[in-house]
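Structure, as structure tokens:
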Amino acid sequence: MAETLYYRTASELSRELESKKITSEEIVRSVIERTKAVDGSVGAFISFDEDDALARAKASDERRSRGRELGPLDGIPIGIKDILAVEGQPLTCASRMLGKFVSPYDATAIRKLKENGAVIWGRLNMDEFAMGSSTENSSVKTTVNPWNTDCIPGGSSGGSAACVAAGEAPLSLGSDTGGSIRQPAALCGVVGMKPTYGLVSRYGLVAFASSLDQIGPFAHTVEDAALLLQAIAGHDDRDSTSFKTDIPDYRKEIEKKRGPWKLGIPKEYFGEGLDPEVRKAVQAAVEFYRSEGCEIVDVSLPHTEHAVGVYYIIATAEASSNLARYDGVRYTHRSPEAVDAIDLYFKSRAEGFGPEVKRRVILGTYVLSSGYYDAYYLKAQKVRTLIRGDFLKAFNEVDALLTPTTPSPAFRKGEKTDDPLQMYLSDTYTIGANLAGIPGISIPCGFSESGLPIGLQILGRPFHEGDLFAIANTFEQAHHYHAKHPELK
């Protein structure tokens with residue numbers, strides 16, 4: 001039976017575990033075999049520990065055999081982006097700088113998964129320190145898109161998206177600073193959710209840009225994404241930005257909230273630069289909602305044109321500050337060529353960081369420097385407030401916004417590596433949600449003529465993830481794009 005399990009949804013697997021039709025060990029052996037079979041071509045994993053995963057699976061089966069009432073994630077394998085701390089496992093952020101570091105503790109999200117009985121399954125590839133949109137910036141390997149291995153999977157959580165799309169795990173965790181969950185989810189044809197800033201604790205998430213980073217789920221279905229978010233959401237005293245709010249039962253929200261909704265179409269997301277195939281697929285999704293009785297209205301987010309510029313000032317400034325701790329002195333790469341303390345700092349950072357990380361640290365240091373702080377960083381923060389105001393004003397009129405997730409389907413490997421600005425524009429439709437701190441979800445809404453997935457993004461009010469899940473599920477259940485899988489040899 002094991003070979004038939006790897007493309008089952010987490011919810012299906014959970015129900016079959018509960019009815020004792022299968023065991024967690026069978027599920028885990030299935031994803032191990034699948035990973036060994038296809039990851040040589042996909043490159044989603046940096047590392048995995050078979051023995052640990054099987055031990056956790058057997059422990060889950062033993063709990064179930066004793067008749068204990070278990071949660072829906074108990075015994076389900078979940079892949080982890082290599083930016084989240086898991087006690088006793090490598091934590092490299094796909095960087096030479098942390099190449100030999102092993103985490104001494106669990107991130108809060110990981111602790112919660114373990115408390116729910118989930119099987120922590122492997123370390124997933126990413127752009128170095130989450131800085132990138134294609135997973136080509138990893139110092140370890142290049143992850144590819146399972147739908148076309150000549151194309152990129154998106155980034156920075158490319159490994160997290162690719163592993164779910166390829167059947168190497170039914171669920172995974174990623175992080176989203178400017179679209180790093182939603183963009184790869186769209187390009188790999190899976191569901192990806194960026195929660196409201198503060199809903200999921202960032203404790204144990206290696207910081208890139210602290211006012212933007214947020215942890216979220218990848219899954220085959222909206223229901224599965226809701227299941228995973230349910231497990232990791234909630235206030236945490238160890239994270240000063242964690243928000244105290246009641247966490248609803250997201251799966252019940254899907255059933256309870258059936259619309260019809262008033263949905264906004266921001267004109268700024270449908271202008272120049274949008275691929276015609278993406279436009280067609282997203283407009284078809286909009287017409288579906290109209291046919292379901294939803295009221296579709298045009299809205300404007302007038303400061304959207306400044307979002308990319310604002311993001312790359314704020315994010316690089318925070319990266320410059322956060323990455324100052326990697327100094328070659330403590331737990332990071334230490335240059336063997338250094339002759340004194342200053343030399344150690346310079347050479348260790350020069351050797352440990354890749355080109356994109358260096359580019360962003362230099363940009364961030366510049367905008368924070370004396371004489372430029374007011375002109376760049378302070379002004380960017382003011383425009384960020386205007387961007388958030390645009391979204392909140394729109395949500396006074398509508399329940400959610402419908403947009404493309406990405407300007408185009410997945411592009412080919414190497415196509416944009418020599419043009420950082422074009423790479424940055426890959427996140428043009430996702431950055432605004434991070435600046436505003438609002439939730440967003442990407443779901444599959446079609447395919448290009450060449451067979452590449454296309455994503456629909458749904459953006460909502462802060463802490464209204466239940467609404468987004470319900471709206472997304474309505475489309476998913478009518479179209480079943482989530483049931484299509486790439487053909488991997």
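Since every read-out is calculated from the coordinates, none of them should be taken as a lab result. In this text, all values refer to a predicted model and were calculated from it rather than measured experimentally. Reconstructed Cβ throughout: ideal geometry from the backbone, glycine too, with neighbour counts over all protein chains shown.
Going out from 0 in 5 Å bins, what whole percent of all Cα-Cα distances in the stretch 345-489 drops into each bin?
Spelled out per bin, shortest first, that is 2, 8, 12, 14, 15, 15, 13, 10, 6, 3, 1, 0.
Provide the FRET efficiency to the nearest 0.05 for the residue 63-residue 477 pair, computing r from the beta carbons and using R0 = 30 Å.
Numbers: r = 32 Å, r/R0 = 1.07.
So, using R0 = 30 Å, E works out to roughly 0.40.
Residue by residue, what Karplus-based ³J(HN,Hα) values in Hz, rounded to whole numbers, does the stretch 414-428 have, using 6.51, -1.76 and 1.60 with θ = phi - 60° and x for Gly and Pro?
So the Karplus estimates, Gly and Pro as x, are x, 5, 10, 5, 8, 10, x, 5, 5, 5, 4, 6, 4, 9, 4 Hz.
Given a Förster radius of 35 Å and the C-beta distance between residue 373 and residue 334 as r, what FRET efficiency does 1/(1 + (r/R0)^6) yield to the nearest 0.05?
Numbers: r = 32 Å, r/R0 = 0.91.
It comes out at approximately 0.65.
Suppose every Lys and Arg Cβ carries +1 and every Asp and Glu Cβ carries -1, with no other charges. What dipole size does the stretch 252-374 come out with about its Cα centre, to the nearest 20 debye? If you can, show how the numbers build up before the last one.
Details: 17 positive and 19 negative charges, 87 e Å.
In total the dipole reaches around 420 debye.
What length, rounded to one decimal in nm, is gained on full extension from residue 325 through to residue 245, with 0.36 nm per residue of separation minus their alpha-carbon distance? Each step should come with its number before you reach the end.
Values: separation 80, 0.36 × 80 = 28.80 nm, distance 3.21 nm.
Length gained between residue 325 and residue 245: 25.6 nm.
Give the relative contact order (percent, whole number) for the stretch 67-122; include only Cα pairs under 8 Å separated by 6+ residues. Don't skip to the end; give the middle numbers.
Values: 81 pairs, mean separation 25.7, N = 56.
Reported relative contact order: 46 percent.
What is the extension gain from residue 421 to residue 284, computed as 0.36 nm multiplied by their sequence separation minus the C-alpha to C-alpha distance, in nm to one decimal? Intermediate values should be presented prior to the final figure.
Numbers: separation 137, 0.36 × 137 = 49.32 nm, distance 2.99 nm.
Residue separation times 0.36 nm, minus the Cα-Cα distance, leaves 46.3 nm.
Pairs 141/267; 81/379; 256/484; 114/358; 58/257: which exceed 29 Å Cα-Cα? Numbers along the way, then the final one.
Details: 141/267 38 Å; 81/379 33 Å; 256/484 27 Å; 114/358 35 Å; 58/257 37 Å.
As for pairs spanning more than 29 Å Cα to Cα, those are 141/267; 81/379; 114/358; 58/257.
Around residue 433, with a cut-off of 11 angstrom between Cβ atoms, what is the net charge of the other residues, counting Lys and Arg +1 and Asp and Glu -1?
Values: positive: 182, 194, 388; negative: 176, 427.
Local charge sum for residue 433: +1.
Contact order normalised by length for the chain, with contacts defined as Cα pairs under 8 Å and 6 or more residues apart; what percent is it? Walk me through the intermediate numbers first.
Numbers: 1161 pairs, mean separation 85.9, N = 489.
With pairs under 8 Å counted, the relative contact order is 18 percent.
Estimate the FRET efficiency between residue 485 and residue 296 by the formula 1/(1 + (r/R0)^6), using the beta-carbon distance for r and 25 Å for R0, to the nearest 0.05. Before the final figure, lay out each step's value.
On the way: r = 31 Å, r/R0 = 1.25.
That pair, residue 485 with residue 296, gives E of 0.20.
Given the -39500 (n - 2.57) contribution per DSSP H run of 4+ residues, what per-residue ellipticity at 222 nm results for the chain, rounded to the nearest 500 deg cm²/dmol?
Values: 16 runs with 185 residues, N = 489.
Helices in the chain give a 222 nm mean residue ellipticity of -11500 deg cm²/dmol.
On the Cα set of the stretch 277-377, report Rg and Dmax in Å, please.
22.3, 71
Need one number: nm distance between label points at residue 381 and residue 37, each 7 Å from Cα along Cα→Cβ, rounded to one decimal.
Going from the residue 381 label point to the residue 37 one covers 5.3 nm.
For the chain, give the magnitude of the charge dipole about the Cα centre (Cβ charges: +1 Lys/Arg, -1 Asp/Glu; no others), in debye to the nearest 20.
Details: 55 positive and 65 negative charges, 109 e Å.
I would put it at about 520 debye.
Place the peptides 184-194, 215-225 in order of packing, highest mean first, counting for every residue the other Cβ atoms within 10 Å and averaging per peptide.
Numbers: 184-194: 33.4, 215-225: 28.0.
Ranking, from highest mean packing down: 184-194, 215-225.
Just round it to a whole percent: the fraction of Cα-Cα distances in the stretch 75-193 exceeding 23 Å. Present the calculation step by step, with values, prior to reporting the outcome.
Working: 1572 of 7021 pairs.
Percent of Cα pairs beyond 23 Å in the stretch 75-193: 22.
In the chain, which whole DSSP H runs stretch at least 15 Å along their own axis (Cα) and average -1.0 or higher on the Kyte-Doolittle scale? Mind dumping the intermediate values first?
Numbers: long enough: 24-42 (26 Å, -0.15); 50-65 (22 Å, -1.59); 222-232 (16 Å, 1.36); 276-291 (22 Å, -0.39); 307-322 (22 Å, 0.77); 341-352 (16 Å, -0.27); 355-368 (20 Å, 0.31); 379-394 (23 Å, -0.38); 465-479 (21 Å, -0.17).
Length and hydropathy pass: 24-42, 222-232, 276-291, 307-322, 341-352, 355-368, 379-394, 465-479.
Net charge within 15 Å of residue 415 by Cβ-Cβ distance, Lys/Arg positive one each and Asp/Glu negative one each, not counting residue 415 itself?
On the way: positive: 412, 413, 416; negative: 136, 150, 275, 418, 419.
Every neighbour counted, the sum reads -2.
Among 138-144, 427-433, how do they line up by average Cβ neighbours within 10 Å per residue, starting with the highest? Can you show the working numbers first?
Details: 138-144: 22.4, 427-433: 28.6.
Answer by packing, highest mean first, reads 427-433, 138-144.
From the Cα gyration tensor of the stretch 384-462, with a ≥ b ≥ c the square roots of its eigenvalues, which class applies: rounded if a/c is under 1.5, or else prolate if a/b is larger than b/c, or else oblate?
On the way: a/c = 3.64, a/b = 1.54, b/c = 2.36.
Taking the square roots of the gyration eigenvalues as a ≥ b ≥ c, the stretch 384-462 is oblate.
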